[in-house]
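Below you'll find the structure, written out as structure tokens, and then a few comments.
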Amino acid sequence: MASYKKRGYKPKTEKEKIEVEEENSTTAEVFNSLDEGANKAEDWVGENQKGIFIIIGVVALVVLGYLGYDKLVAGPKAEEAMNEMYTAQKYFDEAVTGESKDSLYTLAINGGEGKYGMVDIAEEYSSTPAGNLANYYAGMAYLNLKDYTKAVQYLSEFETDDAVLGPVAKGGVADAFVQLNQLEDALGYYEQAISASTNDYTTPMYLFKAANVALTLGKKDKALDYFKRIQNEFSDADQAKNIEVFIGRAEASTK
């Protein structure tokens, strides 16, 4: 299994050269696996985006009823925020399902047609459910635009107990940290995504990603534990295909 070496390290013997080549190959395989998993996640989120936001919209309305804000202030403010979000959400939905994705995600973030974008809504209406939800939209848009630092910033601000949206937001932060090569942070957020909810889609996906990152970090026992959870608890998941190969690799690396 790969172990990190100082920048500029050069192998001196033939044996060390072979070890470095093997490490580079293993690391590449791990990140290829993560990329494939990320693509599947993006496909699933894209296909189910409208359903996801219907769910969170209902949650937002329920929360609104329990916030206890003064009706003369909170009510109109929340309604105004939802109205402002309509155009930005339209851009986001079109980006998910259509072409010209980069320009549409940018419009969702910054706004258009004289309307606020998600960043403005998150700032101006931060005390409302719509302002909270705008953090999710903005974070996911930045993730798709490969602005990983801002993706982390906005997704980290989003708060929800929803069984799907919660793990997806945490997983989005982790995916961004992987791209920023902050693997310890990525592992921590994948683990938060795992613990946020147990279901047949997000749990095996983030178990698999966490296991691969753990393996890259040399945390072999943790990686093995996560791979085996997929095998034992989520045998029908996509991530369970060929899981024996990953278990074997993790077991070999612990010897």
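Structure summary
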{"quantity": "Helices (runs of 4 or more DSSP H) wholly inside the stretch 167-255 that include at least 1 residues being of a type outside the set (Asp, Glu) and in contact with a Lys or Arg (Cβ under 8 Å, 6 or more places away or on another chain)", "calculated": "183-196, 202-216, 243-253"}
{"quantity": "Test: Thr202 is at pLDDT below 95, open to solvent by 20 Å² or more (accessible area, probe 1.4 Å) and of a type in the set (Ser, Thr, Tyr)", "calculated": "no"}
{"quantity": "Some residue of the stretch 107-125 being in contact (Cβ under 8 Å) with a residue 12 or more places away in the chain, within 26 Å of Pro204 (Cα to Cα) and either among the small types (Gly, Ala, Ser) or crowded, with 16+ Cβ neighbours inside 10 Å (or both)", "calculated": "no"}
{"quantity": "Criterion: within 23 Å of Ala174 (Cα to Cα), out of contact with any helix residue (DSSP H, G or I) (no Cβ under 8 Å at 6 or more places or on another chain) and touching a residue at least 24 places away in the same chain (Cβ under 8 Å) - qualifying residue of Asp238, Asp221", "calculated": "Asp221"}
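The values are calculated or read from the model by the stated rules, or taken from the named source; none is laboratory data. None of the values given here were measured: they were computed from a predicted structure. Here Cβ is always computed from backbone atoms with ideal geometry, including for glycine, and neighbour counts include all displayed protein chains. The accessibility values were calculated without ligands, DNA or RNA, using every heavy atom of the protein model including side chains. Shrake-Rupley method; radii C 1.70, N 1.55, O 1.52, S 1.80 Å.
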